[in-house]
Amino acid sequence: MDKKVHELLNDQINKELYSAYLYLDMANFYDAKSLDGFANWFEIQAREEQDHAMLIYKYLHNSSEAVTLGAIARPDKAFAALDDPLKAALEHERYVTSLIYGIYAAAEAVKDYRTMQFLDWFVKEQAEEEKNSQELLDKFALYAGDGAGLHALNAELKGRAYAAPSLELD
Ligand code: FEO
């Protein structure tokens, strides 16, 4: 595998684990406010990020490439308003999309079609992640203006269930 592509994929494991940590911090924010539905939504988000990290980890191993694990940064975003994490989540997903595109471009530059095909799943997943984050932010703006609306949205988010990623690597 090309050195640059390898380096970017290896770094992305860290970025995905940081994303998990960031979303856990958002769940933590809502848990402290007794908004268990919002907390549930972000806990599941955190699990999905761990799945993303594992997919890249396995892809590198399956490609006989080394994985080097670095330190995971401390989540350092400060939240005050109830929709602050929702805004930060959307911004973060857009950032992650840009990272995935960067790896894709590096793979394309060296005709690494195997990595491009692997990343296709992530390109689709990022579109989904951005859409989900945007929808949550929109729902908050539309419905959470009073206590009853916030309560109803919280109840809806409590219903989110974890699903394993549609991509499986041995
Ligand atoms: Fe793994 Fe939410 O991007």
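Here are Met26, Met54: which of them is within 15 Å of the chain's Cα centre (by Cα), under 16 Å from Phe118 (Cβ atoms) and within 13 Å of the ligand (Cβ to nearest atom)?
Met54
Would the stretch 107-121 turn up any residue that is modelled with pLDDT of 95 or more, closer than 19 Å to Tyr21 by Cα and not hydroxyl-bearing (Ser, Thr, Tyr)?
no
If I ask for residues that are of a type in the set (Lys, Arg) and either in a loop (DSSP other than H, G, I, E, B) or loosely packed, with under 10 Cβ neighbours inside 10 Å (or both), which ones from the stretch 134-170 would you list?
Correct list: Arg160 only.
Run down Glu93, Glu43 and say which single residue is assigned to a helix (DSSP H, G or I) and open to solvent by less than 70 Å² (accessible area, probe 1.4 Å).
Within the list Glu93, Glu43, the selection yields Glu93.
So Val5 clears everything in (1) open to solvent by 30 Å² or more (accessible area, probe 1.4 Å); (2) over 18 Å from the mean Cα position of the chain (by Cα); (3) not basic (Lys, Arg) except one condition, right? Which one?
Every listed condition holds for Val5 apart from (1).
Would you be able to say whether some residue in the stretch 21-28 is in a helix (DSSP H, G or I), farther than 23 Å from Leu167 by Cα and among the polar types (S, T, N, Q)?
There is at least one residue in the stretch 21-28 that is in a helix (DSSP H, G or I), farther than 23 Å from Leu167 by Cα and among the polar types (S, T, N, Q).
Can you tell me which residues in the stretch 18-28 are surrounded by fewer than 22 Cβ atoms within 10 Å (Cβ to Cβ) and touching a residue at least 40 places away in the same chain (Cβ under 8 Å)?
Matches in the stretch 18-28: Tyr18, Tyr21, Leu24, Asp25.
Report yes if some residue within the stretch 68-83 is at pLDDT 95 or above, open to solvent by 40 Å² or more (accessible area, probe 1.4 Å), over 22 Å from Asn154 (Cβ atoms) and within 16 Å of the ligand (Cβ to nearest atom); otherwise report no.
yes
Limited to the stretch 108-129, what total is found for residues that are open to solvent by less than 30 Å² (accessible area, probe 1.4 Å) and within 16 Å of the ligand (Cβ to nearest atom)?
Number satisfying all stated conditions: 5.
The values are calculated or read from the model by the stated rules, or taken from the named source; none is laboratory data. If you're wondering where the values come from, they're calculated on a predicted model, not measured in any experiment. Backbone-built Cβ (ideal geometry, glycine too); neighbour counts: all protein chains shown. In case anyone asks, the SASA skips ligands and DNA or RNA and just uses the protein heavy atoms, side chains included. Shrake-Rupley method; radii C 1.70, N 1.55, O 1.52, S 1.80 Å.
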